[in-house]
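See below for the structure under consideration.
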Amino acid sequence: MTGVRTRLAVSVAGFGALAAAAILFAPLAGSTDIDLRRVFDRSLPFADNTDAQIFFVARLPRTLAGAVVGAALASAGVVFQGLLRNPLATPFTLGISSGSALGAMLAITWGWSFAALGLPAVPLASFAGAIVAVGIVYWLARARHAGLSTNVLLLAGVTMNAFFSALILFVQYFADFAQTYRTLRWLMGDLDVSSYESLIATVPLLTAAFAAFAWLARPLNLLSLGPDSAESRGIDVVRAQRTAFLSGSLATGAAVSVAGPIGFIGIIIPHLVRLIVGADHRVVLPASALFGAAFLVGCDLLARTVMSPIEVPVGVITALIGGPFFLWLLVRKG
Amino acid sequence: MKDEGRRKSACGPSEARSRRARASGGGAPRALIKDAVTGTALWVLLLTIAAAAQQVAVRPARIISLIPAVTEMLFAVGAGEQVVGVGSFDRYPPQVEKLPRVGALLDPDLEKMLSLRPDLVVIYGSQTDLQQQLERAKVPLFIYRHAGLADVTKTMRELGGRVGRGQEADAAAARVEAALDAVGRSVKGRTKPRVLLVFDREAGALRGIYASGGVGFLHDIIELAGGTNVFADVQRQSVQAGTELILARRPDVILELRLGTLGEAAARAVRSDWDAIPAVPAVRNGRVVLIADERMRVPGPRVAEAARLIAETLHPDAFK
């Protein structure tokens, strides 16, 4: 076996190159042909330069959003699978996505139009919804345990998902048609952020989450052997679990507030990466983040070009690719 | 009148006989009573059937409409008195505010409908479950399908025939058609601006933008009012338009439909969302227009007013 440092270097270089290629190529293609010389022509005023605006207002934020959201969801997936010691866990297993969906839906249905930090109401409400869901699940998992019971975490998360979904359906039933459709569309995921504010707002959140992920790599490796043996090797299990839960939730909540709950990234990317680089979280985490970024940027490129001028929701593309893969994974495990 | 008289003469003697029979209390009079009762019942039955048949054939008296556009049409063809129930989203004419509500596209309230004893219910073509239920209850139906501008007056005429207001419907439809023609004439020969008609968008952002495609009454209104729909080539009622698509299609005018009217400051804030893409001619030239008008959402008899509103917006000079 090669040392972990070599494997880390090789996989980061490999997946990093893939992500860089995707991020560099994606803004060049789209439903319209643009002239790159015009895009970077400083002599034209930006206000009149359609090509530059297509590049900088339409495509670039969307590509960067894809990279950020893909990286966050893929690595959150790794963290949740490690925390719950369950290969089928996803960033949305513990109720975060339905909490944010409830928040987003309320903002859409009640027509909230407040803004803060340059962000419109829908992403703010969705992030608030995520925090509420995470708070409830966390409180439940601690209530009957001195530490943090992963079983209760899982059950509470799944139940919260069902409960929030019921609330969503309840409110939707009384909403008007256009609002219902908009909520549905939000659930399919959309990276067309068309401004940099929502991306910049996620930077502090994701920096904190990724810093925690870096610290979590070793504890997650030991947790995979079971909490008892991790404890015996000097890991503060409760602290590691708590950090994993909170940082994974933070990354997921931030990602969902930008782009809606884009499914399957959090499950197929970690598994594919593990097939390639092995199970060591010190390699899996950074590799998943990079591969997740590349994958989502690629899916979004497909979403906005395959049926142009009609755009396919990016969540539909990831699910169409992810669904069959997930089933294959299930059969293979069985 | 003749009928009336005959009925009296038929009932009169038998009633007299039955009274006599009761008084004597014999066995034979019992048959007479039976005769009288059967006779009366038969007459009542016959009259009811005749009346019912006449009503169904000529003029339904208890109409329910689930569709705002059709409700407006019913009132426009003079059948407003016959309407006994409307859908949840009906707002016009003001008389509908007093009528019972029976649900809408997704949540039709069958029980409520049946309790209103309708003799005609207007439903959407996609409400197949409701259609089956009402057919089972033997309620006559008029099935409505959403379509283009030309179908508005066509539906008005069909509906008029069905509710016994054929002539009024013809006249009302002709008035709408004449008004539409007038709008078309008033902008004839003018340069057609490229129009983006947005009917929904996320608050405070250029996200989740839905615009009119090349099908449907909104598209037809843009074209009639002297504009060119930038998404005329998309054969759908709605297009989800990303910023790239809008930049590429370069609309000269952006019409944004809103549900409620806004104050001046709020309206300016809503329009300023578009400043993120100043290369779009509509944004650069300050031609982003907010329209909070219910007539733009109902393909009913007021379509000509909606078309005129759009024509005035696109070609203010033509209406000076």
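The values are calculated or read from the model by the stated rules, or taken from the named source; none is laboratory data. Note that the structure is a prediction, hence the values are computed from the model and not measured. With ideal geometry, Cβ positions are generated from the backbone for all residues, glycine too; neighbour counts draw on all protein chains shown.
Points to keep in mind about this one:
- Apart from one condition, B:E223 fits all of (1) under 22 Å from A:A115 (Cβ atoms); (2) outside any loop (DSSP other than H, G, I, E, B); the exception is (1).
- Of the residues making up segment A:2-10, at least one is more than 30 Å from A:L184 (Cβ to Cβ) and basic (K, R).
- Single residue of segment A:158-198 satisfying the filter (of a type in the set (S, T, Y), assigned to a helix (DSSP H, G or I) and within 19 Å of the chain's Cα centre (by Cα)) that is nearest to A:R59 (Cα to Cα): A:S198
- Hits in segment A:81-112 - residues which are of a type in the set (V, I, T) and within 14 Å of chain B (Cβ to nearest Cβ): A:I108, A:T109
- Candidate set: segment B:187-213, residues that are out of contact with any His (no Cβ under 8 Å at 6 or more places or on another chain) and of a type in the set (G, A, S); chosen: the one farthest from the other protein chains (Cβ to nearest Cβ): B:G189
- Tally of residues being in a helix (DSSP H, G or I) and modelled with pLDDT of 80 or more across segment A:311-334: 14
Residue by residue, here is whether (1) free of Cβ contacts under 8 Å to residues at least 60 places away in the same chain; (2) within 18 Å of B:H146 (Cα to Cα); (3) within 14 Å of chain A (Cβ to nearest Cβ) holds:
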site: B:Q82; (1), (2), (3): no, no, no
site: B:V96; (1), (2), (3): yes, no, no
site: B:L105; (1), (2), (3): yes, yes, yes
site: B:V121; (1), (2), (3): yes, yes, no
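This table checks each residue for (1) closer than 17 Å to B:A79 by Cα; (2) assigned to a helix (DSSP H, G or I).
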position: B:V122; (1), (2): yes, no
position: B:A147; (1), (2): no, no
position: B:T155; (1), (2): yes, yes
position: B:G164; (1), (2): yes, no
position: B:Q167; (1), (2): yes, yes
position: B:A172; (1), (2): yes, yes
position: B:V183; (1), (2): no, yes
position: B:G189; (1), (2): no, no
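- Within segment B:119-146, considering residues that are closer than 15 Å to B:G160 by Cα and among the β-branched types (V, I, T), the one nearest to the chain's Cα centre (by Cα): B:V122
- Segments classed as helices (runs of 4 or more DSSP H), wholly inside segment B:1-78, with at least 1 members that are surrounded by 11 or more Cβ atoms within 10 Å (Cβ to Cβ), at pLDDT 50 or above and out of contact with any His (no Cβ under 8 Å at 6 or more places or on another chain): B:28-58, B:68-76
- Segment A:113-126 - residue that is facing chain B (nearest Cβ under 7 Å) and not in a helix (DSSP H, G or I) and, of those, modelled with the highest pLDDT: A:P120
- Taking the numbered list (1) farther than 23 Å from A:P61 by Cα; (2) out of contact with any strand residue (DSSP E or B) (no Cβ under 9 Å at 6 or more places or on another chain); (3) at the interface with another protein chain (Cβ under 8 Å from one of its Cβ atoms) in turn, B:G226 passes all entries but (3).
- In segment A:309-330, residue surrounded by the most Cβ atoms within 10 Å (Cβ to Cβ) [restricted to those that are within 14 Å of chain B (Cβ to nearest Cβ) and closer than 18 Å to A:F92 by Cβ]: A:V314
- Of the helices (runs of 4 or more DSSP H) that lie entirely inside segment B:263-320, those containing 3 or more residues that are surrounded by fewer than 23 Cβ atoms within 10 Å (Cβ to Cβ) and touching a residue at least 40 places away in the same chain (Cβ under 8 Å) span B:303-314.
- Every residue from segment A:15-45 that is within 14 Å of another protein chain (Cβ to nearest Cβ), in contact with a helix residue (DSSP H, G or I) (Cβ under 6 Å, 6 or more places away or on another chain) and part of a helix (DSSP H, G or I): A:A26, A:P27, A:R38, A:V39
- Among the candidates B:A182, B:A205, B:A173, residue that is at pLDDT 95 or above and either buried (at least 22 other Cβ atoms within 10 Å of the Cβ) or β-branched (V, I, T) (or both): B:A173
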